[in-house]
1. Determine, yes or no, whether residue 93 is under 26 Å from residue 260 (Cα atoms) and either exposed (fewer than 10 other Cβ atoms within 10 Å of the Cβ) or in contact with a strand residue (DSSP E or B) (Cβ under 8 Å, 6 or more places away or on another chain) (or both).
2. Test of understanding: among 55, 60, 73, 27, which residue is surrounded by 11 or more Cβ atoms within 10 Å (Cβ to Cβ) and modelled with pLDDT under 95?
3. Check 246, 227 and return the single one that is over 30 Å from residue 136 (Cβ atoms) and at pLDDT 95 or above.
4. Taking residue 113, is it under 19 Å from the mean Cα position of the chain (by Cα), on the phi < 0 side of the Ramachandran plot and either in a helix (DSSP H, G or I) or not assigned by TED's automatic domain parsing to the domain that holds residue 172 (or both)?
5. Hey, which of the strands (runs of 3 or more DSSP E) in region 167-244, taking only ones fully inside, have at least 1 residues that are farther than 17 Å from residue 134 by Cα?
6. Taking residue 7 as meeting all but one of (1) modelled with pLDDT of 95 or more; (2) farther than 27 Å from residue 262 by Cβ, write down the number of the exception.
7. Exactly one condition in (1) free of Cβ contacts under 8 Å to residues at least 60 places away in the same chain; (2) assigned to a loop (DSSP other than H, G, I, E, B); (3) outside the structural domain of residue 195 (by TED's automatic domain parsing) is false for residue 78; which is it?
8. Determine which member of the set 224, 238, 231, 205 is within 20 Å of residue 255 (Cα to Cα) and out of contact with any strand residue (DSSP E or B) (no Cβ under 7 Å at 6 or more places or on another chain).
């Protein structure tokens, strides 16, 4: 904001960054959140907490801290850990993960990031704004799981800020030492070598399944995670698994949702099923990137056409929103996928506050609402929420200004 103040008539300039103080802020926020997950809180709720690794010793028993515990139901919620790609030389140099990088108190001179997914992009922009030179190395396509029409806006913004993004880069070797890490890669048939001061590996996460004794309990699993059914039951019906360890969508809000499904099944014996069709995800870059439901590619592929027939793609630019204009944050787009009858199948947004703007579309996709429900929403003026209303209303634009509608209006006018 300090750097961009000039467009509002406010003289700004590069901020003076105390990198260690920034990291103190991050750690302070983490510490403030921690009590919600603390041992003391759960013991206060009547939960017995054992600080030890646990493993199954039979289909109905686990062992932890020398104690055997027999239970009617179990829940495995061991999460995931950052993965490391099999790169030659990676084990010979120091590197960060998204979990350890916040312990760093020294501004990297040149941060190299392996992985162009959401975590890599978020960390790249943050460090670039704090003053580091940043290079992202991505083997395939940066932000490749999202709609390319929208990811293009994010990638352009990061490149404009000075982040170097190397798509389609195949790393051959990693070498060097602390402060001088060398990457040798091939991109578009050309070899390239460059050095950085620090390395962050953000190349996905792996389910924590090792050492749990899952075989002893008759629970099927793979390197991807534990196999579960729609009720989140494992192949041992006494055992449920939730969150990242199931190998699905790796978001905190998905684990929380899974917990609710398991409570209904395990405690109240209700046949609740997990439905992931309306799970949103957000990439917290600036601009933000948010999505829920089907993408355009999914709705228009063979399976999508067979299920939904012809679909319509609705678009509305942030540039046509008065709030965005006032704040000079006009880079962005709302994109909504609807079936022929107007049912909302999916939505994607890129722009300032996209992570908040996606929420009504989560309700629309999950509740199988029509685009008319969204178009009838009264949005406060001036807010970015009007973008949602306007993109929904565009579904009716062609019909509203059609020759048939004009003839109807003229006929009604004759009645006085």
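1. Numbers: under 26 Å from residue 260 (Cα atoms): no; either exposed (fewer than 10 other Cβ atoms within 10 Å of the Cβ) or in contact with a strand residue (DSSP E or B) (Cβ under 8 Å, 6 or more places away or on another chain) (or both): yes.
So residue 93 does not fit the description; no.
2. Numbers: 55 fails: modelled with pLDDT under 95; 60 fails: modelled with pLDDT under 95; 73 fails: modelled with pLDDT under 95.
Answer to the check: 27.
3. Values: 246 fails: over 30 Å from residue 136 (Cβ atoms).
After ruling out the rest, the residue left standing is 227.
4. Working: under 19 Å from the mean Cα position of the chain (by Cα): yes; on the phi < 0 side of the Ramachandran plot: yes; either in a helix (DSSP H, G or I) or not assigned by TED's automatic domain parsing to the domain that holds residue 172 (or both): no.
So residue 113 does not fit the description; no.
5. Working: elements: 169-177, 180-187, 190-196, 198-201, 205-207, 239-241.
The qualifying strands (runs of 3 or more DSSP E) are 169-177, 180-187, 190-196, 205-207, 239-241.
6. (1)
7. Every condition holds for residue 78 apart from (1).
8. Matching residue, one of 224, 238, 231, 205: 231.
The values are calculated or read from the model by the stated rules, or taken from the named source; none is laboratory data. On a predicted model such as this, the values are computed, not experimentally measured, just so you know. Here Cβ is always computed from backbone atoms with ideal geometry, including for glycine, and neighbour counts include all displayed protein chains.
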